[in-house]
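Structure first, then comments.
The values are calculated or read from the model by the stated rules, or taken from the named source; none is laboratory data. The structure presented is a predicted model; accordingly, all values stated were derived computationally and were not measured. Reconstructed Cβ throughout: ideal geometry from the backbone, glycine too, with neighbour counts over all protein chains shown.
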Amino acid sequence: MSSPRKVSDSTVRRLSFYLRILKEIRGRGVQTVSSAKLAESTRVTSAQVRKDLSAFGNFGVRGRGYDVAELQDHILRILGLDRTWRTIVVGAGRLGSALTSSEDFSRQRFSIVSLFDNDAAKIGRRVGDAEVRPIEDLERFVQAEDIQIGIITTPAKYAQEAADRLARAGIRGILNFAPTRLEVADPVRLRNVNLAVELEGLTFAIADVAGDSA
């Protein structure tokens, strides 16, 4: 089964939510689930659930719902989580080290195999099972070790250079945590994660609620 070329980011995010719900209820021994139950847990309509899933094929039986194990396996394949993704981190500071040490990545089939930095004091240090290597070794390592994903946690001024190195090395996808927007050319896929922007959105929401109640 192949995925369509054009699927919105919001649909992909909802698939991730559905997957988490399916994992949780499968762990409780539940064998079938309705679109209404998935909708209730993700705060969308049951019609939206059916529309999201129908973009990738025909799942479920009318009146009986979805087989939990089967639907979970389908979504894992759709999201590419039925394989292990070899990953590196560029930037061995606090954030890069924290991400590398996180067990959530390995549970989700992302294997962080090394970190890279230009600080000589960090070279050779181990973070969990991963070693910090000099940035000059990045291209050779990516190609020799079949690395598919790069995570950037450098200061903003070094982030574009890191992205350019990753792209030249043949990386397929980049997740950028540096507080700056990056540009890469096809076929590299880029996702920017700006923690400050997310926090500012949260504080706006809190302030707005406080203003309404004043």
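General remarks:
- Subset of the range 161-202 (residues that are among the aromatic types (Phe, Trp, Tyr) and more than 17 Å from the chain's Cα centre (by Cα)): none
- Any chance Glu145 is in contact with a Lys or Arg (Cβ under 8 Å, 6 or more places away or on another chain), modelled with pLDDT of 95 or more and of a type in the set (D, E, K, R): yes
- Selection from the range 38-64 of residues that are at pLDDT below 90, in a helix (DSSP H, G or I) and surrounded by 15 or more Cβ atoms within 10 Å (Cβ to Cβ): Ser41, Thr42
- Filtered by the rule that a residue be acidic (Asp, Glu) and more than 20 Å from Arg77 (Cβ to Cβ), the range 25-59 gives a lone residue, Glu40.
- Any hit, the range 71-86, residues being over 30 Å from Phe177 (Cα atoms), out of contact with any strand residue (DSSP E or B) (no Cβ under 7 Å at 6 or more places or on another chain) and surrounded by 13 or more Cβ atoms within 10 Å (Cβ to Cβ): yes
- Extreme residue, farthest from Leu195 (Cα to Cα), among residues of the range 100-150 that are hydrophobic (A, V, I, L, M, F, W, C) and touching a residue at least 60 places away in the same chain (Cβ under 8 Å): Ile147
- Hey, Arg125 modelled with pLDDT of 95 or more and surrounded by fewer than 16 Cβ atoms within 10 Å (Cβ to Cβ) or not: yes
- Subset tally (residues that are surrounded by fewer than 22 Cβ atoms within 10 Å (Cβ to Cβ) and assigned to a strand (DSSP E or B)) for the range 171-194: 6
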